[in-house]
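Chemist: Dropping the structure in here first, questions after.
The values are calculated or read from the model by the stated rules, or taken from the named source; none is laboratory data. Bear in mind the structure is a predicted one, so any value in this text is a computation, not a measurement. Heavy atoms of the whole protein, side chains included, go into the accessibility calculation; ligands, DNA and RNA do not. Shrake-Rupley method; radii C 1.70, N 1.55, O 1.52, S 1.80 Å.
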Amino acid sequence: MYAVKTPSHDSRRLDGLPTGPHHCVPPHPRRAALSLVLLTALFALTACTAPKATPLGPDDTVKAAQLLLTERCLTHQGLTPPRPGRQPADSEGQRRLSEALFGTGRAELTLTLPSGHEVRQHTDGCLAQAQQRLYGDQERWFRASTTVNNLKSRAPASEQHAYRALRAHAVRTAQSLLRSVPD
(Lines give C-alpha, C1' and ligand atoms only; values in the text may rest on other atoms or scores of the structure.)
Protein backbone atom coordinates (compact mmCIF):
# COMPACT_ATOMS: atom_id res chain seq x y z
CA MET A 1 0.00 0.00 0.00
CA TYR A 2 1.03 3.51 -0.67
CA ALA A 3 0.63 6.23 1.87
CA VAL A 4 -0.24 9.75 0.82
CA LYS A 5 1.20 12.51 2.91
CA THR A 6 -1.25 15.37 3.39
CA PRO A 7 -0.31 18.61 5.03
CA SER A 8 -1.74 19.14 8.46
CA HIS A 9 -2.34 22.83 7.84
CA ASP A 10 -3.44 24.99 4.87
CA SER A 11 -0.23 25.52 3.04
CA ARG A 12 0.03 28.42 0.61
CA ARG A 13 2.15 29.00 -2.44
CA LEU A 14 4.29 32.07 -2.69
CA ASP A 15 1.52 33.85 -4.66
CA GLY A 16 -0.93 33.27 -1.81
CA LEU A 17 -3.14 30.65 -3.54
CA PRO A 18 -3.96 27.51 -1.56
CA THR A 19 -2.35 24.17 -2.34
CA GLY A 20 -3.26 20.72 -1.30
CA PRO A 21 -6.15 18.32 -1.94
CA HIS A 22 -8.92 20.94 -1.68
CA HIS A 23 -7.51 23.66 -3.94
CA CYS A 24 -9.95 22.85 -6.81
CA VAL A 25 -13.15 23.17 -4.82
CA PRO A 26 -14.82 26.48 -5.67
CA PRO A 27 -15.71 28.75 -2.78
CA HIS A 28 -19.44 28.65 -3.77
CA PRO A 29 -20.44 25.11 -4.83
CA ARG A 30 -24.03 26.15 -5.64
CA ARG A 31 -22.83 28.87 -8.04
CA ALA A 32 -20.52 26.38 -9.74
CA ALA A 33 -23.35 23.84 -10.08
CA LEU A 34 -25.68 26.48 -11.52
CA SER A 35 -22.97 27.56 -13.98
CA LEU A 36 -22.51 23.95 -15.05
CA VAL A 37 -26.26 23.51 -15.61
CA LEU A 38 -26.47 26.73 -17.62
CA LEU A 39 -23.46 25.80 -19.75
CA THR A 40 -24.91 22.34 -20.41
CA ALA A 41 -28.25 23.87 -21.45
CA LEU A 42 -26.48 26.38 -23.72
CA PHE A 43 -24.47 23.64 -25.42
CA ALA A 44 -27.60 21.51 -25.82
CA LEU A 45 -29.47 24.41 -27.46
CA THR A 46 -26.68 25.29 -29.84
CA ALA A 47 -26.09 21.65 -30.75
CA CYS A 48 -29.78 21.11 -31.60
CA THR A 49 -30.20 24.12 -33.82
CA ALA A 50 -29.08 23.95 -37.41
CA PRO A 51 -26.86 26.73 -38.63
CA LYS A 52 -28.79 29.36 -40.54
CA ALA A 53 -28.38 29.24 -44.28
CA THR A 54 -26.89 32.24 -45.97
CA PRO A 55 -29.78 34.33 -47.26
CA LEU A 56 -30.18 34.49 -51.01
CA GLY A 57 -29.76 37.75 -52.87
CA PRO A 58 -32.76 39.20 -54.72
CA ASP A 59 -31.85 37.63 -58.10
CA ASP A 60 -31.32 34.16 -56.62
CA THR A 61 -34.48 34.46 -54.53
CA VAL A 62 -36.61 35.15 -57.62
CA LYS A 63 -34.83 32.41 -59.62
CA ALA A 64 -35.38 29.86 -56.83
CA ALA A 65 -39.08 30.71 -56.55
CA GLN A 66 -39.52 30.61 -60.34
CA LEU A 67 -37.85 27.20 -60.45
CA LEU A 68 -40.07 25.95 -57.61
CA LEU A 69 -43.25 27.19 -59.32
CA THR A 70 -42.20 25.83 -62.71
CA GLU A 71 -41.35 22.40 -61.31
CA ARG A 72 -44.66 22.23 -59.44
CA CYS A 73 -46.51 23.10 -62.65
CA LEU A 74 -44.69 20.45 -64.68
CA THR A 75 -45.18 17.81 -61.99
CA HIS A 76 -48.90 18.68 -61.81
CA GLN A 77 -49.07 17.87 -65.56
CA GLY A 78 -47.42 14.49 -64.98
CA LEU A 79 -44.07 15.59 -66.43
CA THR A 80 -40.63 15.24 -64.91
CA PRO A 81 -38.91 18.61 -64.54
CA PRO A 82 -35.66 18.78 -66.51
CA ARG A 83 -32.41 18.22 -64.65
CA PRO A 84 -28.86 18.90 -65.81
CA GLY A 85 -27.50 15.94 -67.73
CA ARG A 86 -30.88 14.20 -68.03
CA GLN A 87 -32.87 14.33 -71.27
CA PRO A 88 -36.40 13.01 -71.90
CA ALA A 89 -36.31 9.48 -73.31
CA ASP A 90 -37.70 10.38 -76.75
CA SER A 91 -38.51 13.30 -79.03
CA GLU A 92 -42.21 13.14 -78.10
CA GLY A 93 -41.29 13.54 -74.42
CA GLN A 94 -39.03 16.47 -75.32
CA ARG A 95 -41.85 18.14 -77.29
CA ARG A 96 -44.37 17.67 -74.45
CA LEU A 97 -41.94 19.08 -71.92
CA SER A 98 -41.10 22.07 -74.11
CA GLU A 99 -44.77 22.88 -74.76
CA ALA A 100 -45.65 22.55 -71.08
CA LEU A 101 -42.74 24.75 -70.08
CA PHE A 102 -42.83 27.47 -72.75
CA GLY A 103 -46.41 27.33 -74.10
CA THR A 104 -47.92 26.38 -77.43
CA GLY A 105 -49.15 28.07 -80.57
CA ARG A 106 -48.43 31.61 -81.52
CA ALA A 107 -46.77 33.81 -78.87
CA GLU A 108 -49.31 36.22 -77.39
CA LEU A 109 -46.87 38.89 -76.20
CA THR A 110 -44.79 40.80 -78.76
CA LEU A 111 -42.49 43.82 -78.47
CA THR A 112 -40.51 45.41 -81.29
CA LEU A 113 -37.25 46.98 -80.14
CA PRO A 114 -35.84 50.19 -81.68
CA SER A 115 -33.34 47.98 -83.56
CA GLY A 116 -36.27 46.34 -85.36
CA HIS A 117 -35.89 43.00 -83.56
CA GLU A 118 -39.14 41.47 -82.41
CA VAL A 119 -39.30 39.70 -79.06
CA ARG A 120 -42.14 37.26 -78.40
CA GLN A 121 -43.35 35.35 -75.39
CA HIS A 122 -46.22 32.98 -74.59
CA THR A 123 -48.76 33.64 -71.87
CA ASP A 124 -49.43 29.93 -71.41
CA GLY A 125 -46.98 27.37 -70.13
CA CYS A 126 -45.40 26.81 -66.75
CA LEU A 127 -42.83 29.56 -67.11
CA ALA A 128 -45.54 32.12 -67.93
CA GLN A 129 -47.60 30.96 -64.94
CA ALA A 130 -44.59 31.36 -62.66
CA GLN A 131 -43.94 34.87 -63.99
CA GLN A 132 -47.59 35.83 -63.51
CA ARG A 133 -47.49 34.61 -59.91
CA LEU A 134 -44.21 36.33 -59.08
CA TYR A 135 -44.58 39.65 -60.91
CA GLY A 136 -48.36 40.00 -60.66
CA ASP A 137 -48.67 41.25 -64.26
CA GLN A 138 -46.90 39.07 -66.79
CA GLU A 139 -47.63 41.32 -69.76
CA ARG A 140 -46.32 44.43 -68.00
CA TRP A 141 -43.25 42.51 -66.78
CA PHE A 142 -42.57 41.29 -70.31
CA ARG A 143 -42.63 44.84 -71.72
CA ALA A 144 -40.61 46.41 -68.90
CA SER A 145 -37.99 43.66 -68.61
CA THR A 146 -37.51 43.31 -72.37
CA THR A 147 -37.12 47.06 -72.80
CA VAL A 148 -34.82 47.60 -69.82
CA ASN A 149 -32.71 44.50 -70.46
CA ASN A 150 -32.15 45.44 -74.09
CA LEU A 151 -31.89 49.23 -73.90
CA LYS A 152 -30.27 49.45 -70.45
CA SER A 153 -29.88 53.11 -69.44
CA ARG A 154 -31.53 54.29 -72.69
CA ALA A 155 -34.83 52.67 -71.68
CA PRO A 156 -37.64 55.17 -71.06
CA ALA A 157 -37.98 56.27 -67.43
CA SER A 158 -41.51 54.84 -67.25
CA GLU A 159 -40.21 51.38 -68.22
CA GLN A 160 -37.34 51.63 -65.73
CA HIS A 161 -39.80 52.58 -62.98
CA ALA A 162 -42.16 49.71 -63.92
CA TYR A 163 -39.20 47.31 -63.99
CA ARG A 164 -38.08 48.31 -60.47
CA ALA A 165 -41.63 48.16 -59.06
CA LEU A 166 -42.43 44.77 -60.60
CA ARG A 167 -39.04 43.42 -59.59
CA ALA A 168 -39.58 44.50 -55.97
CA HIS A 169 -43.01 42.82 -56.05
CA ALA A 170 -41.42 39.61 -57.38
CA VAL A 171 -38.76 39.59 -54.65
CA ARG A 172 -41.37 40.00 -51.90
CA THR A 173 -43.58 37.31 -53.43
CA ALA A 174 -40.61 34.95 -53.88
CA GLN A 175 -39.47 35.43 -50.29
CA SER A 176 -42.95 34.67 -49.00
CA LEU A 177 -43.26 31.64 -51.25
CA LEU A 178 -39.87 30.22 -50.27
CA ARG A 179 -40.57 30.75 -46.55
CA SER A 180 -43.74 28.66 -46.89
CA VAL A 181 -41.91 25.65 -48.36
CA PRO A 182 -41.39 22.95 -45.71
CA ASP A 183 -37.75 21.94 -45.07
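Chemist: Arrange the residues Arg140, Arg83 by how much accessible surface each exposes, largest first, with a 1.4 angstrom probe.
Modeler: Arg83, Arg140
Chemist: Leaving ligands, DNA and RNA out of it, work out the accessible area of Asp124 with a 1.4 Å probe and give it in Å² to the nearest 10.
Modeler: Result for Asp124: roughly 50 Å² accessible.
Chemist: Classify the range 53-183 from the C-alpha gyration tensor, please: rounded if a/c falls under 1.5, else prolate or oblate depending on whether a/b exceeds b/c.
Modeler: Here the range 53-183 falls in the oblate category.
Chemist: Rounded, prolate or oblate: which fits the range 55-125, taking a ≥ b ≥ c as square roots of the Cα gyration tensor eigenvalues, rounded meaning a/c under 1.5, else prolate when a/b beats b/c?
Modeler: In terms of gyration-tensor shape, oblate.
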